[in-house]
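Take a look at the structure below.
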Amino acid sequence: MDISTTAGAKVSISTTAVDTSVTDTTAEFVALTYTEVKQVESLGDFGDTANLVTFTSLADARVRKIKGSRDAGEVALVVAYVADDPGQVLVIAAEKTKSNYAIKVELADKGVGSGAVNTTIYFAGPVNSAAFSVGEADNVVRLNVNVPITTPLYIVPGTPGT
């Protein structure tokens with residue numbers, strides 16, 4: 001497969017809350033039911049970063065550095081607000097709970113061959129915010145959504161097809 005743009009990517013949310021102590025494999029995330037969140041404008045950076053752990057030895061005053069705990073970050077999603085979009089309705093409802101919801105990000109990177117499939121990334125976390133951004137007279141009303149990721153990323157690589 002070649003490089004691709006983000007145009008055509010899709011973001012979806014699970015229709016029900018997930019227990020991340022039970023839903024913890026790629027197959028389990030794939031099996032969930034999702035609703036697409038329409039009118040996505042942007043999806044921020046996300047993915048694992050390891051904390052830096054340091055130790056300084058008294059004997060040689062040398063700082064040792066090792067990888068610590070991993071954090072997949074927080075997804076910042078910006079959408080044009082559509083009051084009756086089922087995905088946006090789910091996001092707003094999820095923000096009102098303490099539960100984790102699964103998120104599905106489908107990239108637009110599949111090849112052109114028969115049977116080509118896009119890369120899909122799954123993860124879960126609570127919907128931490130769903131804030132409106134109204135702005136000035138000629139702005140589109142946006143909904144800014146943040147989902148802190150509490151699971152590993154489950155990545156299903158795309159295929160170019162045949």
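For the range 117-139, the tally of residues that are surrounded by 13 or more Cβ atoms within 10 Å (Cβ to Cβ) and farther than 16 Å from E74 by Cα stands at 4.
Can you spot a residue in the range 98-111 that is loosely packed, with under 14 Cβ neighbours inside 10 Å and not basic (K, R)? Reasoning before the result, please.
Pass one, the range 98-111, residues loosely packed, with under 14 Cβ neighbours inside 10 Å: 98.
Narrowing further to those that are not basic (K, R): none.
Looking through the range 98-111, none of the residues is loosely packed, with under 14 Cβ neighbours inside 10 Å and not basic (K, R).
Scanning the range 22-61 for residues that are among the charged types (D, E, K, R) and surrounded by fewer than 10 Cβ atoms within 10 Å (Cβ to Cβ), we see that the one that is farthest from V147 (Cα to Cα) is D60. Note on the range 56-110: residues that are more than 18 Å from L43 (Cβ to Cβ) and either in contact with a Phe, Trp or Tyr (Cβ under 9 Å, 6 or more places away or on another chain) or among the β-branched types (V, I, T) (or both) amount to 7. Can you report the number of residues in the range 119-150 which are at negative phi and part of a loop (DSSP other than H, G, I, E, B)? Looking only at that region, the number is 12.
Every number in this text was worked out from the coordinates using simple rules, so none of it is lab data. This is a predicted model, so every value here is computed, not measured. Positions of Cβ are generated from backbone atoms using ideal geometry, with glycine treated the same way; all protein chains shown enter the neighbour counts.
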